[in-house]
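One structure below.
The values are calculated or read from the model by the stated rules, or taken from the named source; none is laboratory data. This one's a predicted model, so the numbers in the text were calculated from it and none came from an experiment. Because the Cβ atoms are built from the backbone with ideal geometry, glycine has one as well, and the counts that use them run over all protein chains shown.
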Amino acid sequence: MAKRKHTPFYENHVAAKGKMVDFGDWKMPIQYTGIIEEHRRVRSTIGLFDVSHMGEIRIEGDDAIDFVQRLTVNDVSKLAVGQVQYSCMCYPNGGIVDDLLVYRFPCHYLLVVNAANVDKDYQWLLDNRADDKIEIKNISDNIAQLALQGPKTTDVLRNLTSIELDKIPFYWFARGKVCDVPMIVSRTGYTGEDGFELYFEDLDKAGYVWDQIMQAGKKYDIQPIGLGARDTLRLEMKYALYGNDIDQTTTPLEAGLGWITKMNKGDFIGRDALLPQKKKRGLKRRLICFEIEGKRVARHGYPVQKEGEEIGHVCSGSFSPSLEKAIGTAYVKTGFHKSGTEIDILIRKKIVSAKIVKPPFYKEGSHL
C-alpha cells in the first residue's frame, strides 16, 4: 500500500492530539476534542482547518479564458480580477467531473479542486486542451492552504495582516502578507460562516503560520477543526460533497446547481446533455434535504420510500449539532421533491419518518 501523504501542518496536528485517519491519499485529522464541540466552536467564534489536501491547477495562456469557459458550467467572462466563482466541470453526458472554485488573476486562472479528484481533473483538462496556447500546471504539492472560519475570523486575522479585510467581499480575494508570509487571502469557505482561506507557497513557514494564528485566536477560544466537523458544517448548509451528493452519475441540474449552470453563455462541455433537462419535465430526480426528529442518522445509500414505493436514496446524512436533529440529502423522483413532503427512510431495516425541508438547514450563518 502506498504511503499516505502528510500536509505541511502534520506536526501541528500531532501536537494538538488530532486523531489521524487515512483520507484518500492523505493522513488527516478527523477530530481533536470531538466533532460536536469543534462544530459549535466554528458556529460561535472561530476554528482553524488544514485543507492543504485540496488541489490547485493553474491555467494560463492567450486562450485561457476561452478554455476555462468551455470546461466549466459557470460564466467565467463575468469574473473580475480578484473575484472567485463556484463552478463545475462536466462530462459530455452532463455528469459531474468535479465541483471547484475558479480564481481570476490578471494573467491566469486558478482552479481549486477536490483532493480525491486532483489527478483525474488535471488529466481531464489536459485531454481537452485544443492547442499549445494553453499552459496547464498542477501546483498542488507547492501550496499550503488553511481555512479560518467563524464569526470572529476577521477580528483574529486583522491582527496578523495589513490587508484591509473589510474591503474583501464574499467570494473575492486579495494578495498580501499574513504573519509576514506572502499569501492569497480569499473570503470563501465551506461552513456557512464568515471566514477566509489562505494559500501560500512557503511551505517551510507552515508550522509558524499555524502557531501564530492559534496564538492570535486564544481570546476567542480558537480550536483546530477536523474533517468530521467540516462535514457536519457543510451539510448544514447543503454544500455538495463530491462522491456523496454529486459525482459522474449526477448532473448539476439534478443536484440543484442550476444557479451556476449558465446555458446562455455559449457552448461548454455537457451543455447538449443538460439542455433537455433544463425543460420543466426533463429532470427525473432532484436532490432534496430532509430532517428526522431525533438522532437516528440515515447514511449514504439508504433507501427512501413513499407509501412503500422506493423513490430514491440517501446521499449524505449526519446528526446536526446546530439543530440537534438528524439531517441529510437524498435524490428522489421528481414529483416527490417538494418541501413539506413526508417520506420514509429505511434505516437498518426499520422505517423512519422524515420530512423534506428547504435548504439550508442552518439559516443563521455569518457569511456575508
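Yes or no: residue 358 under 30 Å from residue 47 (Cβ atoms) and surrounded by fewer than 16 Cβ atoms within 10 Å (Cβ to Cβ)? Step through it out loud before you land on a result.
Values: under 30 Å from residue 47 (Cβ atoms): yes; surrounded by fewer than 16 Cβ atoms within 10 Å (Cβ to Cβ): yes.
Yes, satisfied.
Taking residue 131 as meeting all but one of (1) buried (at least 16 other Cβ atoms within 10 Å of the Cβ); (2) farther than 18 Å from residue 261 by Cβ; (3) not hydrophobic (A, V, I, L, M, F, W, C), write down the number of the exception.
The one condition residue 131 does not meet is (1).
Somewhere in the range 335-358, is a residue within 18 Å of residue 229 (Cβ to Cβ) and touching a Gly at 6+ places or on another chain (Cβ under 7 Å)?
Step one: of the range 335-358, the residues within 18 Å of residue 229 (Cβ to Cβ) are none.
So far as the range 335-358 goes, no, none of its residues is within 18 Å of residue 229 (Cβ to Cβ) and touching a Gly at 6+ places or on another chain (Cβ under 7 Å).
Which condition number in (1) in a loop (DSSP other than H, G, I, E, B); (2) crowded, with 19+ Cβ neighbours inside 10 Å is the one that residue 111 fails?
Checking residue 111 against (1) in a loop (DSSP other than H, G, I, E, B); (2) crowded, with 19+ Cβ neighbours inside 10 Å, the one that fails is (1).
Checking the conditions here, which among 219, 205 is out of contact with any helix residue (DSSP H, G or I) (no Cβ under 9 Å at 6 or more places or on another chain), among the basic types (Lys, Arg), over 22 Å from residue 124 (Cβ atoms) and at pLDDT 95 or above? Steps first, answer last, please.
Values: 219 fails: out of contact with any helix residue (DSSP H, G or I) (no Cβ under 9 Å at 6 or more places or on another chain).
Unique residue meeting the criteria: 205.
Have a look at 246, 269, 260 and point out the one that is in contact (Cβ under 8 Å) with a residue 40 or more places away in the chain and in contact with a helix residue (DSSP H, G or I) (Cβ under 9 Å, 6 or more places away or on another chain). Let's see the steps before the verdict.
On the way: 246 fails: in contact with a helix residue (DSSP H, G or I) (Cβ under 9 Å, 6 or more places away or on another chain); 260 fails: in contact with a helix residue (DSSP H, G or I) (Cβ under 9 Å, 6 or more places away or on another chain).
None of the other options fit; the residue is 269.
Looking only at the range 84-107, count how many residues are buried (at least 23 other Cβ atoms within 10 Å of the Cβ) and assigned to a loop (DSSP other than H, G, I, E, B).
Total meeting the criteria: 1.
So, in the range 139-175, of the ones that are part of a helix (DSSP H, G or I) and β-branched (Val, Ile, Thr), which residue ends up nearest to the chain's Cα centre (by Cα)? Show your work before the answer.
Let us first name the residues in the range 139-175 that are part of a helix (DSSP H, G or I), namely 140-142, 153-157, 165-167.
If we keep only those that are β-branched (Val, Ile, Thr) as well, we get 153-154, 156.
On the way: 153: 19, 154: 21, 156: 23 Å.
Here the residue is 153.
Within the range 206-315, considering only helices (runs of 4 or more DSSP H) that don't extend past its boundaries, which have at least 2 residues that are in the same structural domain as residue 37 (by TED's automatic domain parsing), in contact with a Cys (Cβ under 9 Å, 6 or more places away or on another chain) and over 21 Å from residue 336 (Cβ atoms)? Don't jump to the end; show me each part of the working.
Details: elements: 206-216, 227-236, 271-278.
Where helices (runs of 4 or more DSSP H) fall fully within the range 206-315 and carry at least 2 residues being in the same structural domain as residue 37 (by TED's automatic domain parsing), in contact with a Cys (Cβ under 9 Å, 6 or more places away or on another chain) and over 21 Å from residue 336 (Cβ atoms), they are 206-216.
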